[in-house]
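What follows is one structure encoded as structure tokens, with my remarks underneath.
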Amino acid sequence: MTDNPFQSFYWKLAHGRILELGRRGVLMAIINVTPDSFSDGGRHMQAEAAVTAALRAVEEGAAILDIGGESTRPDAEPVSAEEEQARILPVIASLGRQSDAIISVDTYRAETARLAVGAGAHIVNDVHGLQREPAIAGVAAETGAGLCIMHTGRDRQKLADVIEDQFHFLNRSLEIAAGAGIRREQIVLDPGFGFAKDAEENLQLMARFGDLHRFGLPILVGTSRKRFIGAVTGRDPEARDAGTAATTALLRVAGAAIFRVHDVAINRDALLVADAMLERDEQKCARFSARVPL
């Protein structure tokens with residue numbers, strides 16, 4: 001892939017699936033099978049409720065369903081691998097039977113990822129960027145799963161510049177992926193909005209988002225209901241969907257490919273408007289490539 005994020009990238013996933021990225025924004029629905037996620041904890045703890053919410057998200061426009069069994073909010077209580085798997089595997093299996101949607105598993109554990117792909121998941125979404133359990137890279141390589149590699153600033157000393165730190169961390173993750181034999185067409189990157197980043201750092205990351213296209217890979221963003229949106233709008237997490245939709249439109253124009261969100265419907269509308277504008281800007285791709293530093 002070139003540094004032009006609006007060109008087609010055919011993302012290779014498990015079970016022979018392929019998802020085209022670049023030409024239009026893609027929505028990933030958050031389905032937390034947890035009691036303590038920061039804005040929707042407990043709503044989908046029962047498998048039936050999680051499946052119902054996921055199917056509704058597909059109807060509203062989600063192409064990907066991201067199923068997670070352990071909260072990633074700061075200071076969340078850790079769960080065992082067994083508990084995580086008991087929460088998510090029945091949901092993944094049921095969705096595989098009831099829907100043709102692409103399924104992602106939100107985990108950093110190699111064994112959970114392996115079992116999830118076996119149950120029908122197509123994507124592994126690792127919020128630790130392969131650096132907590134590097135064996136998860138081997139799972140993606142062996143199964144052909146798509147891989148979301150996320151940047152995080154947790155549990156380490158960050159560089160002062162937000163973009164320099166992205167390259168510092170994610171280049172190490174990409175080395176792990178390459179060492180495991182993962183093909184680049186399996187990989188999407190996530191700059192990790194909200195993960196050990198204060199409001200100023202998140203806004204800087206948005207403002208300088210174009211620099212990330214030097215990786216030459218599609219970028220997933222997860223701004224949904226994050227604290228920095230609350231800092232700007234003054235709203236509680238459940239009331240941040242309009243603010244989230246604003247970031248979706250802005251980041252789509254800046255070249256983001258996938259948008260991980262709680263409220264699919266409002267972000268679908270934001271993407272429709274952004275993509276309609278981009279389709280009418282025939283010089284967008286050429287201008288974008290010209291201004292992204294190499």
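Checking the structure you have, find out if any residue of segment 82-92 is part of a loop (DSSP other than H, G, I, E, B), aliphatic (A, V, I, L, M), open to solvent by 10 Å² or more (accessible area, probe 1.4 Å) and out of contact with any helix residue (DSSP H, G or I) (no Cβ under 7 Å at 6 or more places or on another chain).
no
Take the conditions out of contact with any strand residue (DSSP E or B) (no Cβ under 9 Å at 6 or more places or on another chain) and under 17 Å from Ala53 (Cβ atoms) and apply them to Ala93. Does it pass?
Criteria met by Ala93.
Has segment 96-110 got any residue that is of a type in the set (Val, Ile, Thr) and in a helix (DSSP H, G or I)?
No, every residue in segment 96-110 fails to be of a type in the set (Val, Ile, Thr) and in a helix (DSSP H, G or I).
Given the options Ala207, Ala270, Ala257, Ala246, name the one that is under 16 Å from the mean Cα position of the chain (by Cα) and within 25 Å of Gln7 (Cα to Cα).
Matching residue, one of Ala207, Ala270, Ala257, Ala246: Ala257.
Could you please find all residues in segment 223-246 being of a type in the set (Val, Ile, Thr) and either open to solvent by 10 Å² or more (accessible area, probe 1.4 Å) or part of a strand (DSSP E or B) (or both)?
Residues satisfying the conditions are Val232, Thr233.
Give me a count of the residues in segment 191-203 that are surrounded by 24 or more Cβ atoms within 10 Å (Cβ to Cβ) and either touching a residue at least 60 places away in the same chain (Cβ under 8 Å) or among the charged types (D, E, K, R) (or both).
Qualifying residue count for the region: 2.
The values are calculated or read from the model by the stated rules, or taken from the named source; none is laboratory data. Here the structure is a predicted model, which is why all the values come from computation and not from measurement. Here the Cβ is made from the backbone with ideal geometry for all residues, glycine too, and neighbour counts use every protein chain on show. Side chains included, ligands, DNA and RNA excluded: accessible areas come from the protein's heavy atoms. Shrake-Rupley method; radii C 1.70, N 1.55, O 1.52, S 1.80 Å.
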